[in-house]
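The values are calculated or read from the model by the stated rules, or taken from the named source; none is laboratory data. On a predicted model such as this, the values are computed, not experimentally measured, just so you know. In this analysis, Cβ positions are derived from the backbone assuming ideal geometry, glycine residues included, and neighbour counts consider all displayed protein chains.
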Amino acid sequence: MKNTLRTLRIAVPLFVAFLFGCFLAQASGVPEYAISAGIATVGASFLLKMEPGMLAETIPSTNNPDISALANYAGKYARQLFAVMRNGLDIANDVTVRPGIKHKENLTKLDIAHGIEAYKEDFNLNAGDVKYTPRTIEVELLKRDLRINPLKYRTTWMAEVMKPGVNVTDIPYAQFFWRELLASIAEEVNNDAYYAVKGDGLSFSTSVTGFAKIIADAITADEITPVATGAITNNNAVAAVEAVANDMPVTLQKKGFDIDFSYNLWQKYQFDYRERYGKYVQRNKDGFFTVDAFGPKVKLNPVTWMGNSQRILAAPKEELIMGVDALGDMDKIEIDRRFELMDVRILFALGFQIRELKNIRVNDQEELVTTP
């Protein structure tokens, strides 16, 4: 309806101009085609002075009917699309996602000293009995700008829906398009999140600070003492992982924690385990890999987001925090349409922090600062 009204706004003035030209021709004796053509030309020149893109919006494009569908889908399902993006992050499955962070939020650390003593009537207070140490998580507002010709995605979409057993209506074009786009963003975040160091902000890896830098800074500040394992090989990987696990507080060994490491280290661990015990590590009845000497609650967790790191990271999942907005204030998809092209800006907030450094352990191997 809106496009029809816009079309009439152009067509009607041109038609009136033509009739007016015919009337003048009748009254003046000048050939009607000359006057009507002249007035129509004036009207056409007005159209040429319209703001670029206005005419394209006024007259519906018959070449690309998908633009409106894509824009409407993004507007209607923006929150669900961001949920799909976050769910597509492997790192989000291995850490605790904390929603609703607009900029900064304190992760208050509470330390209560030991001080039980024999009864006496005097009331004794000791300095430092209760200590609050705030750790702050800060999210950064990030953006991804893209100029897209949705027509180029149609070939891929048709190949997808034409697979045997797939009904075309099962994968609507708009759904497929946004799924592919946000999956690409999720892949970039997942690959760069661990090694990211906040800097010039020209890429994701220089816009936020990831766990590798947080750990390295904590080691430099003597807040974490790394476990000495030396270089990890196919012959000592099992011993190295067990050494890090053994350094965890006994209370956490009982409660359980994850041991995160790269797939490069996981291969070394499997080779070493096979040579020692004549088999590869098997999942337990609950579907987890575990460290034999520590029971079912200490899990081996090879992860994609640590690249080729030689770091062993032992921590309860709740200590590794990924902050997001996720409530819609900062998560947005903005679209500007022009002919068959679509300019897309995707906004979202993200940040990382470790809640309590005393509850994690790492080995002494320096990071291989590479991404997958």
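Observations on the model:
- Yes/no for Ala293 being among the hydrophobic types (A, V, I, L, M, F, W, C) and at pLDDT below 95: yes
- Failed condition for Val197, given (1) crowded, with 18+ Cβ neighbours inside 10 Å; (2) within 20 Å of the chain's Cα centre (by Cα); (3) within 27 Å of Lys358 (Cα to Cα): (1)
- Near pairs, Cβ below 9 angstrom, 6+ apart or cross-chain, from the range 319-335 (over 24 Å from Ser68 (Cα atoms)) to any residue that is modelled with pLDDT under 85 and small (Gly, Ala, Ser): Ala326/Ala83
- Tabulated pairs, the range 349-367, first of a type in the set (Phe, Trp, Tyr), second part of a loop (DSSP other than H, G, I, E, B) and at pLDDT 90 or above, C-beta under 6 angstrom, 6+ apart or interchain: Phe352/Gly210
- With respect to the conditions (1) small (Gly, Ala, Ser); (2) in contact (Cβ under 8 Å) with a residue 60 or more places away in the chain; (3) within 22 Å of Gly295 (Cα to Cα); (4) out of contact with any strand residue (DSSP E or B) (no Cβ under 7 Å at 6 or more places or on another chain), Ala240 falls short on a single one, namely (4).
- Selected residue (criterion: farthest from Leu347 (Cα to Cα)) from residues of the range 94-146 that are outside any strand (DSSP E or B) and among the β-branched types (Val, Ile, Thr): Ile116
- Scanning the range 252-271 for any residue that is among the hydroxyl-bearing types (Ser, Thr, Tyr) and surrounded by 21 or more Cβ atoms within 10 Å (Cβ to Cβ) turns up at least one such residue.
- Matching entry among Ala183, Ala159, Ala127 (being of a type in the set (Gly, Ala, Ser) and modelled with pLDDT of 75 or more): Ala183
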